[in-house]
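Encoded as structure tokens, the structure appears first; notes follow it.
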Amino acid sequence: MGLSPNPTYIQDPEHMPTGSIPDNYVSHTLKHQEALPPITWSNWYKELNWLHVFILFVPPTLGIIGAVDTPLQRKTAIWFVVYSHLTGFGGFALIFLARLLTLLELYYSGLTAGYHRLWTHRTYKASKTLEYILAILGAGVVEGSIAWWARGHRAHHRYTDTDLDPYNAHRGLFYSHMGWMIFKPRRKPGHADVSDLRQNPVVKWQHRYYLLLAFIMAVVIPMTVAGYGWGDWKGGYVYASMLRLVFVQHVSGNSFRIQSNLLTV
Ligand SMILES: [Zn+2]
């Protein structure tokens, strides 16, 4: 007896052999790893991930309430567009500086200039300065740290449309758009190699200071620019902070997931 004679097969989904993913990994894991019960009408309220519920529902609520008595000034509207672009779409201008992506790639990259393209897929190489800029801007979308996000997204591509894909499209549009974050995951995302990210000093730095960075980039900067710039503190808070968060989270963060499913990019 002893270890399996064929190293490409596993007996225990919790203990991955080093090297490549074994052939039976998905079927074996789905069969042997315990999963939480399915979400139903009778248990859904016990299965909520409250941190994600807060992130997804508080900004639109505060933004809509604030917008009722806050006129949208022209400069604040421009700032909303510019800052949405910088945080949510990673700053096309920055990418042009990198001069490594084609226009078509840019069209499909989204927020993801940093989180998606650079760190998850390693589509291009960036200087340390550009990495820090993209890591700081990406924190302004409040979609989690690069380390957390890229780990889930690599599993998504590796196990697309199986239950080891954290946003499995077979569970419906609502689930792959928001449900996967609102509810506690039914099982761990499939194994994905993120050893490169664990060694990346920018990724480690962003993960360590994520909450502070997210607060500064999502709330302090958009308010301060509008406040000191043209005296519109409240507009900065309502439009450039809260409603921008709603916009970038739903447009950039999720469109590339759907796009990923369609195009497997
Ligand atoms: Zn992707």
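The values are calculated or read from the model by the stated rules, or taken from the named source; none is laboratory data. All figures in this text were calculated on a predicted structure; none of them were measured in a lab. Glycine gets a Cβ as well: all are built from the backbone with ideal geometry, and neighbour counts include every protein chain shown.
If I go through the range 27-71 residue by residue, how many of them are of a type in the set (A, V, I, L, M), within 29 Å of Leu211 (Cβ to Cβ) and in a loop (DSSP other than H, G, I, E, B)? Steps first, please.
Step one: filter the range 27-71 for residues of a type in the set (A, V, I, L, M), giving 30, 35-36, 39, 48, 51, 53, 55-56, 58, 62, 64-65, 67-68.
Those left that are additionally within 29 Å of Leu211 (Cβ to Cβ): 36, 39, 48, 51, 53, 55-56, 58, 62, 64-65, 67.
Still in the running and in a loop (DSSP other than H, G, I, E, B): 36, 39.
Going through the range 27-71 one residue at a time, the tally reaches 2.
When we screen Gly140, Gly114, Gly152, Gly190 for residues that are in contact (Cβ under 8 Å) with a residue 60 or more places away in the chain and within 16 Å of the ligand (Cβ to nearest atom), the only hit is Gly190. In the range 222-265, which residues are among the hydrophobic types (A, V, I, L, M, F, W, C) and at pLDDT below 80? Hits for the range 222-265 are Val251, Phe256, Ile258, Leu262, Leu263, Val265. The set of residues in the range 155-172 that are without any contact (Cβ under 8 Å) to a residue 60 or more places away in the chain and in contact with a helix residue (DSSP H, G or I) (Cβ under 9 Å, 6 or more places away or on another chain) comprises Asp165, Pro166, Asn168, His170, Arg171, Gly172. Checking Tyr159, Tyr237, Tyr167, Tyr228 one by one, the residue that is crowded, with 20+ Cβ neighbours inside 10 Å and more than 18 Å from the chain's Cα centre (by Cα) is Tyr237 and no other. When the criteria are applied in full, Trp119 fails the requirement of being at pLDDT 85 or above, under 17 Å from His250 (Cα atoms), within 15 Å of the ligand (Cβ to nearest atom) and not basic (Lys, Arg).
When Lys188 is tested against (1) within 28 Å of Trp41 (Cβ to Cβ); (2) surrounded by 17 or more Cβ atoms within 10 Å (Cβ to Cβ); (3) not aromatic (Phe, Trp, Tyr), exactly one condition is not met: (2). Scanning the range 117-130 for residues that are of a type in the set (A, V, I, L, M, F, W, C) and without any contact (Cβ under 8 Å) to a residue 12 or more places away in the chain yields a count of 0.
From Val246, Val251, which residue is in contact (Cβ under 8 Å) with a residue 60 or more places away in the chain, surrounded by fewer than 16 Cβ atoms within 10 Å (Cβ to Cβ) and either part of a helix (DSSP H, G or I) or within 19 Å of the chain's Cα centre (by Cα) (or both)? Quick ask: steps written out before the conclusion?
Values: Val246 fails: surrounded by fewer than 16 Cβ atoms within 10 Å (Cβ to Cβ).
Criteria check complete, one pass: Val251.
Might you let me know whether the range 174-196 holds any residue that is closer than 20 Å to Ile64 by Cα, modelled with pLDDT under 85, in contact with an Asp or Glu (Cβ under 7 Å, 6 or more places away or on another chain) and not hydrophobic (A, V, I, L, M, F, W, C)? No, there is no match, as no residue in the range 174-196 is closer than 20 Å to Ile64 by Cα, modelled with pLDDT under 85, in contact with an Asp or Glu (Cβ under 7 Å, 6 or more places away or on another chain) and not hydrophobic (A, V, I, L, M, F, W, C). Restricting Val68, Val58, Val82 to residues that are of a type in the set (Val, Ile, Thr) and either touching a Cys at 6+ places or on another chain (Cβ under 9 Å) or under 24 Å from Met178 (Cβ atoms) (or both) narrows the list to Val58.
The set of residues in the range 44-80 being surrounded by fewer than 16 Cβ atoms within 10 Å (Cβ to Cβ) and within 20 Å of the chain's Cα centre (by Cα) consists of Leu48, Asn49, Trp50, Leu51, Val53, Phe54, Phe57, Val58.
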